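Written out below as structure tokens is the structure these notes cover.
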Amino acid sequence: MNAHTKAPEAAKGVFIDNRWHKPANGRTLPVVAPAEGVVFAEIAAGGAEDVDRAVKAARKAAEGGAWGRMSATERGRLLTKLALAIEANAEDLARLEARDTGKPMKQARADMVATARYFEFYGGAADKVHGETIPFLPGYFVTTERVPFGVTAHVIPWNYPAQMFGRTVGPALAMGNACVVKPAEDACLTPLRLAELMAEVGFPEGAIAVVPGLGEEAGAALSGHPDIDFISFTGSPEVGTLIQTAAARNHIGCTLELGGKSPHVVFGDADLDTAASVIANTMVQNAGQTCSAGSRVLVEKAAYERVVTALADRFGKLVAGTPEMDRDLGPVINATQKKRIEGFFARAEEGSVPVLASGTIAAGVPDGGFFVAPRIYGPVPRGNELANKEVFGPVLSVLPFEDEADAVRLANGTDYGLMAAVWSHDGNRAVRVSRGIKAGQVYINAFGAGGGIELPFGGMKKSGHGREKGFAALHDISTIRTTIIKHG
Ligand code: TAP
């Protein structure tokens, strides 16, 4: 066990009103290090009572409390201070994240840069969201302003705990909401530490609360709480349905980000070496546990052999290792996910789907770690689950297409619509094809898993609804008040 990454004692509590509290039920949950398969920390098993306490604290902060009275500029300054505090603590946070999720240290460090950037961006944006004046009847003056919902609930997944915290609470706080966060039981140590850092840099009581615990307990209690005003959720489609149902019962809104099966459309005239390298690297980022992973490669038939050779060459060289080994990827999050991915492998074998190449697992990784060697399959039959289902692991599927129309049909041939990329040096074709694809973000000759903090991000179709990142997130996590003044 690495002393540097020991979880803070305080992680055993729930964080409400800038203080640690014991969970009302007194229960804790073990935290397993995915690279080792051993318990290395405990977290509180928060429940309905803790959630209720957190929501009450948030309500008090948002309405009449110091947080609710702050100007947008003051809120922005606090967010900027938090960004600086994250930078100052980046190495400790990265070690904690790497231990908790198993990801390579270089990835965990990059995640902390992105997390700080969320707060930097939204700190700067807080006082730059303006309303409108609207021409109306004679004798009237009408103006709109963006106002916070009040108390926002945030249910986040385990794949990027720190980044997800920044992505969801950054814009919510910038707009003046008080936030209650339910992080995933599998990886929630950095969100807890970030909340503690928020208290240290001066956020008033109640602006943030983090209640760790089981999804069906703390998560369900939070999403169904009668006194929340909005829910932001990222995770599986199944839980997304529960969240939206809970929101509907309360007559409140929600944003859902439910993953994808994002396509790369590769034409033979593209820079195939660059494309292959970007496709392979972004696919195994975070061991493929990225909602926006480009997990389907659709290749023009004439270029199929060349693309497959380049991709197989790269996949064959990929190595999974522990965070300290800092190889191409780490383990997956837990035994259930490993088993789930191996289920895809077994069914592909039964269906005789060809494996083009496999990466390896580094010698010397702990026996109990949840490692999966990356794999690339092709040609994957169009109806096969590897062509349509989100694996959430380091697995790439390659499918040939006939022509432009076929490429667009295939790209749109799943339930999802989160991200896509078109690779071609024919600018007209690249733009034409990109505009035919139903996805929230479409890259041309590039692919950034998740895209930049500045860029609106979210799904079409069953990838969900609502937008995070960029200024779009500020709009989706606030509402409009219209003031109509009759004057003489
Ligand atoms: P989910 O179960 O959807 O977990 C996401 C969040 O929802 C976690 O905080 C979870 O808490 C919470 N949750 C679970 N049940 C809940 C309930 N009844 N009410 C309210 N909140 C609840 O995802 P998972 O099981 O971790 O992963 C399963 C699959 O989901 C993956 O294989 C992958 O395909 C997909 N997934 C997608 C994403 C993205 S980014 N789109 C992220 C993670 C997973 P606990 O984890 O503490 O139970």
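The values are calculated or read from the model by the stated rules, or taken from the named source; none is laboratory data. Since the model is a prediction, treat every value here as computed from it, not as a measurement. For neighbour counting, all protein chains shown are included, and Cβ atoms are generated from backbone atoms with ideal geometry for every residue, glycine included.
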* Structure fact -> Picked from the range 318-335 (must be in contact with an Asp or Glu (Cβ under 8 Å, 6 or more places away or on another chain) and not in a loop (DSSP other than H, G, I, E, B)), the residue farthest from Glu468 (Cα to Cα) is Val319
* Hey, can you tell me all the residues within the range 217-244 that are more than 7 Å from the ligand (Cβ to nearest atom), closer than 24 Å to Gly176 by Cα and among the β-branched types (Val, Ile, Thr)? => Ile228, Ile231
* Among (1) of a type in the set (A, V, I, L, M); (2) under 26 Å from Gly150 (Cα atoms); (3) in contact with a Leu (Cβ under 8 Å, 6 or more places away or on another chain), the one test that Ala62 misses -> (3)
* Pull up the range 268-284, narrow it to residues that are under 24 Å from Asn159 (Cα atoms) and polar (S, T, N, Q), then point me to the one that is farthest from the chain's Cα centre (by Cα). => Ser277
* Does Ala207 satisfy being closer than 28 Å to Asp52 by Cβ and among the hydrophobic types (A, V, I, L, M, F, W, C)? -> yes
* Residue check for Ala275: in contact (Cβ under 8 Å) with a residue 24 or more places away in the chain, in contact with a helix residue (DSSP H, G or I) (Cβ under 6 Å, 6 or more places away or on another chain) and within 20 Å of Tyr443 (Cβ to Cβ) -> no
* Structure fact -> Listed by range, helices (runs of 4 or more DSSP H) wholly within the range 54-111 having at least 2 residues that are of a type in the set (A, V, I, L, M) and modelled with pLDDT of 95 or more are 72-88, 90-101
* Please verify whether the range 302-310 includes one or more residues that are within 12 Å of the ligand (Cβ to nearest atom), basic (Lys, Arg) and either modelled with pLDDT under 95 or not in a strand (DSSP E or B) (or both). => no
* Which one of these is within 16 Å of the ligand (Cβ to nearest atom) and in contact (Cβ under 8 Å) with a residue 40 or more places away in the chain: Gly378, Gly393, Gly359? -> Gly393
* Of the numbered conditions (1) modelled with pLDDT of 95 or more; (2) within 22 Å of Thr190 (Cα to Cα), Ala41 fails exactly one; give the number of that condition. => (1)
* Asked: Are any of the residues in the range 100-108 in contact with a Ser or Thr (Cβ under 6 Å, 6 or more places away or on another chain), of a type in the set (D, E, K, R) and buried (at least 20 other Cβ atoms within 10 Å of the Cβ)?
  -> no
* Of all residues in the range 168-187, count the ones that are small (Gly, Ala, Ser) and either within 16 Å of the ligand (Cβ to nearest atom) or under 14 Å from the mean Cα position of the chain (by Cα) (or both). => 3
* To do: Please report, ordered by residue number, the helices (runs of 4 or more DSSP H) entirely within the range 166-272 with at least 1 residues that are without any contact (Cβ under 8 Å) to a residue 60 or more places away in the chain and crowded, with 24+ Cβ neighbours inside 10 Å.
  => 189-201
* Would you check if there is a residue in the range 42-65 being touching a strand residue (DSSP E or B) at 6+ places or on another chain (Cβ under 8 Å), within 30 Å of Pro394 (Cβ to Cβ) and either in the same structural domain as Phe121 (by TED's automatic domain parsing) or of a type in the set (D, E, K, R) (or both)? => yes
* **Lone unmet requirement of (1) crowded, with 21+ Cβ neighbours inside 10 Å; (2) more than 16 Å from the ligand (Cβ to nearest atom); (3) under 27 Å from Ile453 (Cβ atoms) for Gly330** => (2)
* **Qualifying residue in the range 125-142 (condition: within 14 Å of the chain's Cα centre (by Cα), touching a residue at least 24 places away in the same chain (Cβ under 8 Å) and either in the same structural domain as Asp50 (by TED's automatic domain parsing) or farther than 23 Å from Asn281 by Cβ (or both))** => no
* To do: For Thr255, state whether it is among the polar types (S, T, N, Q), touching a Gly at 6+ places or on another chain (Cβ under 6 Å) and within 15 Å of the ligand (Cβ to nearest atom).
  => yes
* Members of the range 143-165 that are away from the ligand (no atom under 14 Å from the Cβ) and either under 20 Å from the mean Cα position of the chain (by Cα) or not basic (Lys, Arg) (or both) -> Thr143, Thr144, Glu145, Val147, Pro148, Phe149, Gly150, Val151, Thr152
* Here are Ala207, Ala199, Ala247, Ala280: which of them is in contact with a strand residue (DSSP E or B) (Cβ under 6 Å, 6 or more places away or on another chain) and more than 16 Å from the ligand (Cβ to nearest atom)? -> Ala207
* For the range 316-344, what are the residues that are among the basic types (Lys, Arg) and within 8 Å of Pro104 (Cα to Cα)? -> Arg327
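Table: residues versus (1) of a type in the set (S, T, N, Q); (2) more than 21 Å from the chain's Cα centre (by Cα).
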position	(1), (2)
Glu200	no, yes
Pro204	no, yes
Glu216	no, no
Pro226	no, yes
Gly235	no, no
Gln244	yes, no
